[in-house]
Amino acid sequence: MIAEILSTGDEIRTGGVADTNSAYIARLLQDAGIFVARHNCIGDDINDIAAIIKEISERADIVIATGGLGPTEDDITAEAVAKAANVKLALNITAYKRIEEFLKQLGKKKITPLNAKQALLPQNSILINNFTGTASGFLLKINKAVFFFLPGVPFEMKGMMPQVIEYIQKELSASRRFNKTINIKTLGVPESSANEALKDFSKEFKNIKLGFRAVLPEIHVKLYGSGDDKETIERELKKGEQFVIKRLGEYVFSTDGKSIEETIAEILIKKRASLSIAESCTGGLIASRLTDVAGSSEYFLFSGVTYANDSKIKVLKVSPATIEKYGAVSVETVQEMAAGAKRISGADYAIAVSGIAGPSGGTKEKPVGTVCIGIADLKTVTGKMYNFPFKERIMNKEIFAAAALWLLLKRIRDV
């Protein structure tokens, strides 16, 4: 079963808006066992949209299209579909009543002509309910392909996709293959090194496709399995996963889709351990990432953004002599920062960072991209210095935060 994705809209075509819809839909189709052959994009022109619909309808089995179903003049997808299918637009009473009811809930007494336009659907199409907006989705078979037309607004599209997947699985499942993807997340290993470590993977696993995706600073190793026999594919994927874990070792932090923050949270909660943080150059970014995870209150005790040297001294009790002798960006200083954060909060673990994010402030000995990370645990206080080859401030802050989380994960795994 071959699927294609079609995005419409000048804002997508010109790059004014990132096409996140296609990526989301592709992942859902992959998980549903449906092979996505192409992603297509077209602007807001009735003739162009009609032409690409006709073209795709001759080669694909399933097509998910987004965009152009709103109330404005440039929302012309329904008209273009009708032209491609050689049918007329007709008022869908169910869609009209749903739009009317939705607008009433927003305090609008009358449905406007522009909103009423959204209930005009191609003849023979089947309504796909939208419970979060006024745009009416619909499906229609054109030539060999079943098309699903959805709004371009991401949260509306996401709310409607379960209906699409259910229809596909129930009505169009005859030729569906079993597909599964394993995402092995790593940190601290360059993509080239990961590729070298896994260069003989394809010889060992001929039915599993290996891929790499850089999500800086992480490298994600993707294993794609596809076939008619679910048990065989799952068995091969499991073996492939163990192969990757063995080769990449400590750099692997997740095989189940969890972020590094979620992995840290899981371990700390399991250990019933607590954590505090002292940040300088990252400005609270590490604390923000950790507290984005639901349940972080179970382990997260304290965060201090001690940006100025005076705050390091007054709040964390870093020795002025240490800063004077070694500098604010030094292993010695972050060790004292971590010890101070641990002492203030009574946490089991504490991490501290101080660095030079740039674009200015670097020296020959400590160039832009230098960061020092301190970790205090139940027994020891240690620190490390790194230099990353980035000169862009925001990138450096992200890298510094990731490096600190990585060192923390290694420590709590070991202790």
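The values are calculated or read from the model by the stated rules, or taken from the named source; none is laboratory data. The structure displayed is predicted, hence computed values, not measured ones. When we count neighbours, we look across all protein chains shown, and the Cβ atoms used for this are built from the backbone with ideal geometry, even at glycine.
What the table shows:
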{"read-out": "Complete set of residues in the range 9-41 that are under 16 Å from the mean Cα position of the chain (by Cα), in a helix (DSSP H, G or I) and more than 19 Å from K180 (Cα to Cα)", "value": "T20, N21"}
{"read-out": "Residues of the range 334-393 satisfying the condition of being hydrophobic (A, V, I, L, M, F, W, C) and more than 23 Å from K314 (Cα to Cα)", "value": "A357, V368, L378, M385, F388, F390"}
{"read-out": "Any hit, the range 240-257, residues being within 18 Å of R289 (Cβ to Cβ), among the hydrophobic types (A, V, I, L, M, F, W, C) and crowded, with 16+ Cβ neighbours inside 10 Å", "value": "yes"}
{"read-out": "Residues being modelled with pLDDT of 95 or more and either in the same structural domain as K397 (by TED's automatic domain parsing) or outside any helix (DSSP H, G or I) (or both) - total across the range 221-246", "value": "1"}
{"read-out": "Number of positions in the range 124-144 that are surrounded by fewer than 17 Cβ atoms within 10 Å (Cβ to Cβ), out of contact with any Phe, Trp or Tyr (no Cβ under 7 Å at 6 or more places or on another chain) and either more than 15 Å from E166 (Cα to Cα) or modelled with pLDDT of 95 or more (or both)", "value": "5"}
{"read-out": "Residue in the range 159-170 that is at pLDDT below 95, in contact with a helix residue (DSSP H, G or I) (Cβ under 7 Å, 6 or more places away or on another chain), outside any strand (DSSP E or B) and farther than 30 Å from L248 by Cα present", "value": "yes"}
{"read-out": "The lone exception for N387 - which of (1) within 28 Å of the chain's Cα centre (by Cα); (2) surrounded by 15 or more Cβ atoms within 10 Å (Cβ to Cβ) it fails", "value": "(2)"}
{"read-out": "Of all residues in the range 366-383 being over 16 Å from A328 (Cβ atoms) and over 29 Å from the mean Cα position of the chain (by Cα), the one that is surrounded by the fewest Cβ atoms within 10 Å (Cβ to Cβ)", "value": "K379"}
{"read-out": "The range 92-147 - residue that is among the aliphatic types (A, V, I, L, M) and assigned to a helix (DSSP H, G or I) and, of those, farthest from I53 (Cα to Cα)", "value": "L103"}
{"read-out": "Some residue of the range 65-75 being out of contact with any Ser or Thr (no Cβ under 6 Å at 6 or more places or on another chain), at pLDDT 95 or above and either on the phi > 0 side of the Ramachandran plot or buried (at least 16 other Cβ atoms within 10 Å of the Cβ) (or both)", "value": "yes"}
{"read-out": "Pairs with Cβ under 7 Å, 6+ apart, first in the range 23-52 and modelled with pLDDT under 95, second surrounded by fewer than 17 Cβ atoms within 10 Å (Cβ to Cβ) and among the aromatic types (F, W, Y)", "value": "G33/F178"}
{"read-out": "Top-ranked residue of the range 194-220 - restricted to ones that are part of a strand (DSSP E or B) and out of contact with any helix residue (DSSP H, G or I) (no Cβ under 6 Å at 6 or more places or on another chain), ranked as surrounded by the most Cβ atoms within 10 Å (Cβ to Cβ)", "value": "E218"}
{"read-out": "Matching residues in the range 316-359 - criterion: being under 32 Å from the mean Cα position of the chain (by Cα), crowded, with 19+ Cβ neighbours inside 10 Å and outside any helix (DSSP H, G or I)", "value": "A347, D348, Y349, A350, I351, A352, V353, S354, G355, I356, A357, G358"}
{"read-out": "Residue identified as crowded, with 16+ Cβ neighbours inside 10 Å, under 19 Å from A376 (Cα atoms), in the same structural domain as S345 (by TED's automatic domain parsing) and without any contact (Cβ under 8 Å) to a residue 24 or more places away in the chain among I277, I313, I286", "value": "I313"}
